[in-house]
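Take a look at the structure set out below.
The values are calculated or read from the model by the stated rules, or taken from the named source; none is laboratory data. None of the values given here were measured: they were computed from a predicted structure. Note that each Cβ is placed from the backbone with ideal geometry, even for glycine, and that neighbours are counted across all protein chains shown. Heavy atoms of the whole protein, side chains included, go into the accessibility calculation; ligands, DNA and RNA do not. Shrake-Rupley method; radii C 1.70, N 1.55, O 1.52, S 1.80 Å.
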Amino acid sequence: MANIDKAQYYIGLMSGTSLDGVDGVIVNSITQKIVDQAYLPYSENLKSSLRQLTQSGQTSLENLAEIDIQVAGVFSNTALLLLSNAGLKSDEIIAIGSHGQTIYHQGGNYSMQIAHGALIAQKTNITTVADFRMQDVAAGGQGAPLTPLYHLHLLNGKPGMVINLGGIANLTQLRDGRVIGFDTGPANTLLDNWIERHKSLDYDRDGLWARSGLVNQTLLDKMLADAYFHKKIPKSTGPEYFNLAWLDNILTGDEAAKDVQRTLLELTALSISHFIRSNTDVYLCGGGLHNAFLVERLKYLNLSSRIMNTSDLGVHVDYVEAAAFAFFAQRTLAGKTSSLTEVTGAKQTRILGAIYAI
(Lines give C-alpha, C1' and ligand atoms only; values in the text may rest on other atoms or scores of the structure.)
Protein backbone atom coordinates (compact mmCIF):
# COMPACT_ATOMS: atom_id res chain seq x y z
CA MET A 1 0.00 0.00 0.00
CA ALA A 2 1.12 3.57 -0.63
CA ASN A 3 3.02 5.33 2.14
CA ILE A 4 0.16 7.36 3.64
CA ASP A 5 2.52 9.48 5.75
CA LYS A 6 4.38 10.58 2.64
CA ALA A 7 1.44 10.94 0.30
CA GLN A 8 -0.96 13.86 0.45
CA TYR A 9 -2.86 13.63 -2.82
CA TYR A 10 -5.97 11.89 -4.13
CA ILE A 11 -7.01 11.34 -7.72
CA GLY A 12 -10.64 11.63 -8.78
CA LEU A 13 -11.89 10.03 -12.01
CA MET A 14 -15.32 10.50 -13.55
CA SER A 15 -17.21 9.75 -16.75
CA GLY A 16 -20.81 10.81 -16.88
CA THR A 17 -23.93 10.08 -18.88
CA SER A 18 -22.64 12.05 -21.88
CA LEU A 19 -20.34 9.06 -22.58
CA ASP A 20 -17.61 11.25 -24.07
CA GLY A 21 -14.54 10.35 -22.02
CA VAL A 22 -12.90 10.53 -18.60
CA ASP A 23 -12.28 13.64 -16.49
CA GLY A 24 -9.50 13.38 -13.93
CA VAL A 25 -8.08 15.58 -11.19
CA ILE A 26 -5.37 15.45 -8.55
CA VAL A 27 -6.57 16.99 -5.29
CA ASN A 28 -4.48 18.06 -2.32
CA SER A 29 -5.97 16.17 0.62
CA ILE A 30 -5.19 18.99 3.05
CA THR A 31 -6.39 22.06 1.12
CA GLN A 32 -8.91 20.20 -1.12
CA LYS A 33 -7.59 22.27 -4.02
CA ILE A 34 -7.17 20.80 -7.51
CA VAL A 35 -3.48 20.74 -8.39
CA ASP A 36 -3.83 19.20 -11.86
CA GLN A 37 -6.54 18.10 -14.22
CA ALA A 38 -6.79 16.07 -17.42
CA TYR A 39 -9.32 14.67 -19.88
CA LEU A 40 -9.07 11.60 -22.10
CA PRO A 41 -11.78 11.02 -24.72
CA TYR A 42 -13.18 7.62 -25.52
CA SER A 43 -12.41 6.32 -28.99
CA GLU A 44 -15.29 6.54 -31.46
CA ASN A 45 -15.65 2.75 -31.39
CA LEU A 46 -15.80 2.63 -27.59
CA LYS A 47 -18.23 5.56 -27.48
CA SER A 48 -20.47 3.79 -29.98
CA SER A 49 -20.34 0.57 -27.96
CA LEU A 50 -21.26 2.42 -24.77
CA ARG A 51 -24.19 4.18 -26.41
CA GLN A 52 -25.46 0.89 -27.77
CA LEU A 53 -25.05 -0.75 -24.39
CA THR A 54 -26.67 1.98 -22.29
CA GLN A 55 -29.61 2.62 -24.60
CA SER A 56 -30.48 -0.87 -25.77
CA GLY A 57 -29.42 -2.82 -22.68
CA GLN A 58 -28.59 -5.71 -25.02
CA THR A 59 -25.18 -7.36 -25.04
CA SER A 60 -23.34 -10.61 -24.34
CA LEU A 61 -21.32 -11.27 -21.20
CA GLU A 62 -18.20 -11.52 -23.32
CA ASN A 63 -18.86 -8.12 -24.92
CA LEU A 64 -19.66 -6.54 -21.56
CA ALA A 65 -16.39 -7.83 -20.13
CA GLU A 66 -14.42 -6.46 -23.09
CA ILE A 67 -16.06 -3.03 -22.78
CA ASP A 68 -15.37 -3.04 -19.03
CA ILE A 69 -11.68 -3.74 -19.67
CA GLN A 70 -11.46 -1.01 -22.32
CA VAL A 71 -13.13 1.59 -20.12
CA ALA A 72 -10.90 0.66 -17.18
CA GLY A 73 -7.95 1.20 -19.51
CA VAL A 74 -9.07 4.76 -20.29
CA PHE A 75 -9.62 5.47 -16.59
CA SER A 76 -6.16 4.09 -15.76
CA ASN A 77 -4.51 6.06 -18.54
CA THR A 78 -6.18 9.24 -17.31
CA ALA A 79 -4.65 8.68 -13.87
CA LEU A 80 -1.23 7.98 -15.38
CA LEU A 81 -1.49 11.12 -17.52
CA LEU A 82 -2.26 13.14 -14.40
CA LEU A 83 0.82 11.75 -12.67
CA SER A 84 2.99 12.56 -15.65
CA ASN A 85 1.64 16.09 -16.00
CA ALA A 86 2.06 16.82 -12.29
CA GLY A 87 5.48 15.19 -12.00
CA LEU A 88 4.23 12.88 -9.25
CA LYS A 89 4.81 9.18 -8.55
CA SER A 90 2.18 6.62 -7.65
CA ASP A 91 3.38 6.40 -4.02
CA GLU A 92 2.59 10.11 -3.60
CA ILE A 93 -1.11 9.36 -4.21
CA ILE A 94 -3.09 8.04 -1.25
CA ALA A 95 -5.89 6.64 -3.41
CA ILE A 96 -7.92 7.01 -6.57
CA GLY A 97 -11.65 7.65 -6.29
CA SER A 98 -13.18 6.28 -9.48
CA HIS A 99 -16.85 6.70 -10.28
CA GLY A 100 -16.58 4.47 -13.33
CA GLN A 101 -18.95 4.59 -16.28
CA THR A 102 -22.63 4.06 -15.53
CA ILE A 103 -24.21 1.61 -17.96
CA TYR A 104 -27.42 0.94 -16.07
CA HIS A 105 -29.20 2.86 -13.36
CA GLN A 106 -32.60 2.20 -11.87
CA GLY A 107 -32.80 4.29 -8.74
CA GLY A 108 -33.83 2.38 -5.65
CA ASN A 109 -33.22 -0.97 -7.31
CA TYR A 110 -29.82 -1.31 -8.98
CA SER A 111 -26.94 0.72 -10.38
CA MET A 112 -24.01 -0.62 -12.40
CA GLN A 113 -20.75 1.15 -13.22
CA ILE A 114 -17.95 -0.42 -15.25
CA ALA A 115 -14.19 0.39 -15.22
CA HIS A 116 -13.37 -2.13 -12.52
CA GLY A 117 -11.41 -0.76 -9.58
CA ALA A 118 -9.16 -3.81 -9.40
CA LEU A 119 -7.96 -3.23 -12.95
CA ILE A 120 -7.29 0.47 -12.29
CA ALA A 121 -5.41 -0.32 -9.08
CA GLN A 122 -3.27 -2.91 -10.85
CA LYS A 123 -2.35 -0.68 -13.78
CA THR A 124 -1.65 2.46 -11.73
CA ASN A 125 -0.22 0.78 -8.61
CA ILE A 126 -2.53 3.02 -6.55
CA THR A 127 -5.21 1.93 -4.09
CA THR A 128 -8.54 2.51 -5.81
CA VAL A 129 -11.97 3.14 -4.35
CA ALA A 130 -14.81 2.34 -6.78
CA ASP A 131 -18.45 1.17 -6.91
CA PHE A 132 -19.77 4.07 -4.86
CA ARG A 133 -23.49 3.74 -5.62
CA MET A 134 -24.63 0.24 -4.67
CA GLN A 135 -24.08 0.63 -0.93
CA ASP A 136 -26.67 3.42 -0.92
CA VAL A 137 -29.03 1.41 -3.15
CA ALA A 138 -28.72 -1.60 -0.84
CA ALA A 139 -29.79 0.68 2.01
CA GLY A 140 -32.96 1.56 0.10
CA GLY A 141 -31.64 4.68 -1.62
CA GLN A 142 -31.62 5.92 -5.19
CA GLY A 143 -27.84 5.66 -5.37
CA ALA A 144 -27.92 9.07 -7.04
CA PRO A 145 -27.14 11.84 -7.07
CA LEU A 146 -24.14 11.45 -4.79
CA THR A 147 -22.48 14.78 -5.56
CA PRO A 148 -24.72 16.90 -3.26
CA LEU A 149 -22.39 16.25 -0.31
CA TYR A 150 -19.50 17.70 -2.33
CA HIS A 151 -21.69 20.55 -3.54
CA LEU A 152 -22.40 21.37 0.10
CA HIS A 153 -18.65 21.36 0.70
CA LEU A 154 -18.27 23.92 -2.12
CA LEU A 155 -21.10 26.10 -0.84
CA ASN A 156 -19.41 26.08 2.58
CA GLY A 157 -22.63 26.75 4.47
CA LYS A 158 -23.87 29.52 2.17
CA PRO A 159 -27.44 29.26 0.80
CA GLY A 160 -27.45 28.52 -2.90
CA MET A 161 -27.81 25.92 -5.61
CA VAL A 162 -25.28 23.91 -7.61
CA ILE A 163 -26.54 22.50 -10.92
CA ASN A 164 -24.58 19.92 -12.91
CA LEU A 165 -25.43 19.99 -16.61
CA GLY A 166 -24.20 16.55 -17.65
CA GLY A 167 -26.03 14.06 -19.82
CA ILE A 168 -28.58 14.20 -17.03
CA ALA A 169 -29.01 17.36 -14.96
CA ASN A 170 -28.86 17.20 -11.18
CA LEU A 171 -29.10 19.90 -8.60
CA THR A 172 -28.25 20.52 -4.97
CA GLN A 173 -29.96 23.26 -3.00
CA LEU A 174 -29.10 24.53 0.47
CA ARG A 175 -31.84 26.78 1.82
CA ASP A 176 -32.90 27.52 5.39
CA GLY A 177 -30.54 24.80 6.58
CA ARG A 178 -32.28 22.17 4.46
CA VAL A 179 -30.60 20.15 1.70
CA ILE A 180 -32.43 19.07 -1.46
CA GLY A 181 -30.80 17.12 -4.26
CA PHE A 182 -32.09 15.08 -7.21
CA ASP A 183 -31.93 14.54 -10.98
CA THR A 184 -34.19 17.03 -12.77
CA GLY A 185 -34.13 15.14 -16.10
CA PRO A 186 -32.14 15.34 -19.33
CA ALA A 187 -29.53 18.03 -19.87
CA ASN A 188 -27.27 17.05 -22.79
CA THR A 189 -28.13 13.43 -23.51
CA LEU A 190 -31.12 14.00 -25.81
CA LEU A 191 -29.53 17.06 -27.43
CA ASP A 192 -26.36 15.09 -28.19
CA ASN A 193 -28.19 12.01 -29.47
CA TRP A 194 -30.51 14.01 -31.71
CA ILE A 195 -27.73 15.98 -33.41
CA GLU A 196 -25.66 12.82 -33.77
CA ARG A 197 -28.57 11.16 -35.57
CA HIS A 198 -29.19 14.05 -37.98
CA LYS A 199 -25.79 15.70 -38.43
CA SER A 200 -23.30 13.05 -37.25
CA LEU A 201 -21.94 15.49 -34.67
CA ASP A 202 -21.17 14.67 -31.04
CA TYR A 203 -22.82 17.82 -29.70
CA ASP A 204 -24.47 21.09 -30.71
CA ARG A 205 -21.62 23.59 -30.40
CA ASP A 206 -22.84 26.67 -28.51
CA GLY A 207 -26.41 25.51 -29.20
CA LEU A 208 -26.24 27.00 -32.71
CA TRP A 209 -28.44 24.34 -34.31
CA ALA A 210 -31.01 24.64 -31.54
CA ARG A 211 -30.96 28.42 -31.94
CA SER A 212 -31.85 28.04 -35.63
CA GLY A 213 -35.11 26.23 -34.79
CA LEU A 214 -38.41 27.13 -33.17
CA VAL A 215 -40.01 25.69 -30.04
CA ASN A 216 -42.71 23.17 -30.94
CA GLN A 217 -45.12 23.85 -28.08
CA THR A 218 -47.18 20.71 -28.67
CA LEU A 219 -44.07 18.55 -28.52
CA LEU A 220 -42.77 20.41 -25.47
CA ASP A 221 -46.06 19.92 -23.62
CA LYS A 222 -46.01 16.19 -24.40
CA MET A 223 -42.47 15.83 -23.09
CA LEU A 224 -43.15 17.82 -19.93
CA ALA A 225 -46.17 15.58 -19.28
CA ASP A 226 -43.84 12.61 -18.74
CA ALA A 227 -44.34 11.04 -15.33
CA TYR A 228 -40.70 11.56 -14.30
CA PHE A 229 -41.09 15.34 -14.19
CA HIS A 230 -44.02 14.98 -11.79
CA LYS A 231 -42.48 12.30 -9.60
CA LYS A 232 -41.76 13.30 -6.02
CA ILE A 233 -38.22 13.32 -4.67
CA PRO A 234 -36.05 11.40 -4.00
CA LYS A 235 -35.61 10.52 -7.65
CA SER A 236 -32.87 9.80 -10.16
CA THR A 237 -32.74 8.86 -13.81
CA GLY A 238 -30.39 8.24 -16.73
CA PRO A 239 -30.06 7.73 -20.50
CA GLU A 240 -31.58 4.27 -20.16
CA TYR A 241 -34.82 6.24 -19.69
CA PHE A 242 -34.33 9.56 -21.49
CA ASN A 243 -33.06 8.39 -24.87
CA LEU A 244 -34.01 8.46 -28.55
CA ALA A 245 -36.50 5.62 -28.06
CA TRP A 246 -38.27 7.78 -25.45
CA LEU A 247 -38.27 10.72 -27.85
CA ASP A 248 -39.38 8.68 -30.88
CA ASN A 249 -42.46 7.52 -28.96
CA ILE A 250 -43.51 11.17 -28.59
CA LEU A 251 -42.68 12.47 -32.08
CA THR A 252 -45.29 12.41 -34.86
CA GLY A 253 -42.65 12.37 -37.60
CA ASP A 254 -43.77 15.70 -39.04
CA GLU A 255 -41.46 17.84 -36.91
CA ALA A 256 -38.49 19.66 -38.45
CA ALA A 257 -35.25 18.27 -36.99
CA LYS A 258 -33.95 21.71 -35.98
CA ASP A 259 -37.24 22.46 -34.21
CA VAL A 260 -36.90 19.25 -32.22
CA GLN A 261 -33.41 20.31 -31.15
CA ARG A 262 -34.72 23.71 -30.09
CA THR A 263 -37.56 22.09 -28.16
CA LEU A 264 -35.21 19.65 -26.43
CA LEU A 265 -33.09 22.56 -25.25
CA GLU A 266 -36.19 24.28 -23.90
CA LEU A 267 -37.16 21.05 -22.12
CA THR A 268 -33.80 21.08 -20.32
CA ALA A 269 -34.04 24.77 -19.44
CA LEU A 270 -37.64 24.58 -18.17
CA SER A 271 -37.29 21.34 -16.23
CA ILE A 272 -34.33 22.84 -14.35
CA SER A 273 -35.77 26.33 -13.92
CA HIS A 274 -38.92 24.93 -12.33
CA PHE A 275 -36.86 24.36 -9.17
CA ILE A 276 -34.93 27.65 -9.07
CA ARG A 277 -36.53 30.03 -6.61
CA SER A 278 -36.24 33.80 -6.88
CA ASN A 279 -33.13 35.48 -5.54
CA THR A 280 -31.07 32.30 -5.53
CA ASP A 281 -27.32 32.11 -6.10
CA VAL A 282 -26.95 29.41 -8.76
CA TYR A 283 -23.62 27.83 -9.70
CA LEU A 284 -23.51 25.83 -12.95
CA CYS A 285 -21.03 23.12 -13.89
CA GLY A 286 -20.74 20.29 -16.39
CA GLY A 287 -20.54 20.03 -20.17
CA GLY A 288 -23.84 21.82 -20.74
CA LEU A 289 -22.26 25.02 -19.48
CA HIS A 290 -20.43 25.16 -22.83
CA ASN A 291 -23.79 25.35 -24.63
CA ALA A 292 -24.08 29.14 -24.75
CA PHE A 293 -27.73 29.06 -25.82
CA LEU A 294 -28.71 26.77 -22.94
CA VAL A 295 -27.02 29.07 -20.43
CA GLU A 296 -28.71 32.05 -22.06
CA ARG A 297 -32.12 30.40 -21.65
CA LEU A 298 -31.44 29.54 -18.01
CA LYS A 299 -30.49 33.15 -17.30
CA TYR A 300 -33.56 34.48 -19.12
CA LEU A 301 -35.93 32.13 -17.28
CA ASN A 302 -34.42 33.10 -13.91
CA LEU A 303 -33.93 36.85 -14.14
CA SER A 304 -34.23 37.38 -10.40
CA SER A 305 -31.48 34.88 -9.58
CA ARG A 306 -27.73 35.14 -10.03
CA ILE A 307 -26.55 32.49 -12.51
CA MET A 308 -22.83 31.91 -12.04
CA ASN A 309 -20.56 28.86 -12.30
CA THR A 310 -18.50 26.74 -9.93
CA SER A 311 -15.28 28.50 -10.91
CA ASP A 312 -16.62 31.20 -8.58
CA LEU A 313 -16.45 28.54 -5.84
CA GLY A 314 -12.89 27.57 -6.74
CA VAL A 315 -13.49 24.47 -8.90
CA HIS A 316 -13.31 24.36 -12.71
CA VAL A 317 -16.72 23.72 -14.25
CA ASP A 318 -15.53 20.62 -16.15
CA TYR A 319 -13.98 18.88 -13.14
CA VAL A 320 -16.46 19.23 -10.29
CA GLU A 321 -17.61 15.62 -10.42
CA ALA A 322 -14.08 14.22 -10.73
CA ALA A 323 -13.07 16.30 -7.70
CA ALA A 324 -16.13 14.97 -5.87
CA PHE A 325 -14.94 11.39 -6.17
CA ALA A 326 -11.47 12.28 -4.90
CA PHE A 327 -13.31 13.84 -1.95
CA PHE A 328 -15.42 10.69 -1.48
CA ALA A 329 -12.38 8.40 -1.64
CA GLN A 330 -10.78 10.41 1.14
CA ARG A 331 -13.91 10.02 3.25
CA THR A 332 -14.13 6.29 2.52
CA LEU A 333 -10.58 5.61 3.70
CA ALA A 334 -11.27 7.73 6.78
CA GLY A 335 -14.35 5.63 7.57
CA LYS A 336 -16.73 8.55 6.97
CA THR A 337 -20.14 8.38 5.29
CA SER A 338 -20.76 10.14 1.99
CA SER A 339 -24.42 9.50 1.29
CA LEU A 340 -27.17 11.94 2.27
CA THR A 341 -30.38 10.16 3.23
CA GLU A 342 -32.45 13.29 2.59
CA VAL A 343 -31.21 13.22 -1.01
CA THR A 344 -31.18 9.53 -1.93
CA GLY A 345 -33.93 8.29 0.38
CA ALA A 346 -31.74 5.57 1.90
CA LYS A 347 -32.72 4.26 5.33
CA GLN A 348 -29.28 4.99 6.75
CA THR A 349 -26.12 6.82 5.70
CA ARG A 350 -23.34 4.57 4.42
CA ILE A 351 -19.59 4.56 3.92
CA LEU A 352 -19.52 4.35 0.13
CA GLY A 353 -17.19 2.48 -2.19
CA ALA A 354 -15.26 -0.77 -2.49
CA ILE A 355 -11.55 -0.50 -1.72
CA TYR A 356 -9.00 -2.24 -3.98
CA ALA A 357 -5.80 -1.90 -1.97
CA ILE A 358 -2.24 -2.03 -3.32
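So what's the angle, to the nearest 10 degrees on a 0 to 90 scale, between helix 292-301 and the longest Cα principal axis of the chain?
70 degrees
Show me the ranking of peptides 322-333, 157-168 by mean Cβ neighbours inside 10 Å, starting with the highest. Mind showing how you got there, number by number?
Values: 322-333: 26.2, 157-168: 22.4.
Top to bottom by mean Cβ count within 10 Å: 322-333, 157-168.
How far is the Cα center of the range 221-281 from the Cα center of the range 311-355, in Å?
Cα centroid of the range 221-281 versus Cα centroid of the range 311-355: 27 Å apart.
Under a crude label model (7 Å from the Cα following the beta-carbon direction), how far is Asp259 from Lys158 in nanometres?
So the two model labels end up 4.4 nm from each other.
For n ≥ 4 DSSP H runs only, could you compute -39500 (n - 2.57) per run for the chain, divide by its residues and tell me the 222 nm figure to the nearest 500? It would help to have the intermediate numbers written out before the result.
Details: 14 runs with 137 residues, N = 358.
-11000 deg cm²/dmol, from helical runs alone.
How do 346-352, 214-220 rank on mean C-beta neighbours within 10 Å, highest first? Don't skip to the answer; put the middle values down first.
Details: 346-352: 17.7, 214-220: 15.1.
My ranking of the peptides, most packed first, is 346-352, 214-220.
If ligands, DNA and RNA are left out, what is the accessible area of Ser56 with a 1.4 Å probe, given in Å² to the nearest 10?
Approximately 50 Å² of Ser56 is accessible to the 1.4 Å probe.
Counting Lys +1, Arg +1, Asp -1, Glu -1, what net charge surrounds Leu220 among other residues with beta carbon under 13 Å of its beta carbon?
Working: positive: Lys222, Arg262, Arg297; negative: Asp221, Asp226, Glu255, Asp259, Glu266.
Result for the neighbourhood of Leu220: -2.
Please list, in order along the range 227-232, the HN-Hα scalar couplings obtained from phi with the Karplus expression 6.51 cos²θ - 1.76 cosθ + 1.60 (θ = phi - 60°), rounded to whole Hz, x for Gly and Pro.
4, 4, 5, 10, 6, 6
In a Gaussian network model over the chain where Cα atoms closer than 10 Å are linked, find which of Met134, Met14, Met223 has the largest mean-square fluctuation.
Met223
Running a GNM on the chain with Cα contacts under 10 Å, which residue among Arg51, Arg133, Arg205 ends up with the highest mean-square fluctuation?
Arg205
For helix 44-56, report the angle its Cα long axis makes with the longest principal axis of the Cα atoms of the chain; keep it between 0 and 90° and round to the nearest 10°.
Once rounded, the angle reads 70 degrees.
If we count every other residue with Cβ under 15 angstrom of Ser338's Cβ, Lys/Arg +1 and Asp/Glu -1, where does the sum land?
Numbers: positive: Arg133, Arg331, Lys336, Arg350; negative: Asp131, Asp136, Glu321, Glu342.
It works out to a net charge of 0.
Local charge sum around Ser304 (other residues, Cβ-Cβ under 12 Å, Lys/Arg +1, Asp/Glu -1)?
Values: positive: Arg277, Lys299, Arg306; negative: Asp281.
Computed value for this residue: +2.
Comparing Gly117, Gly57, Gly207, which has the greatest mean-square fluctuation in the GNM of the chain with Cα pairs linked when under 10 Å apart?
Result for the chain, Cα springs under 10 Å: Gly57 fluctuates most.
Specify the angular offset, from 0 to 90 degrees and rounded to the nearest 10, of the alpha carbon long axis of helix 189-199 from the longest principal axis of the alpha carbons in the chain.
Once rounded, the angle reads 70 degrees.
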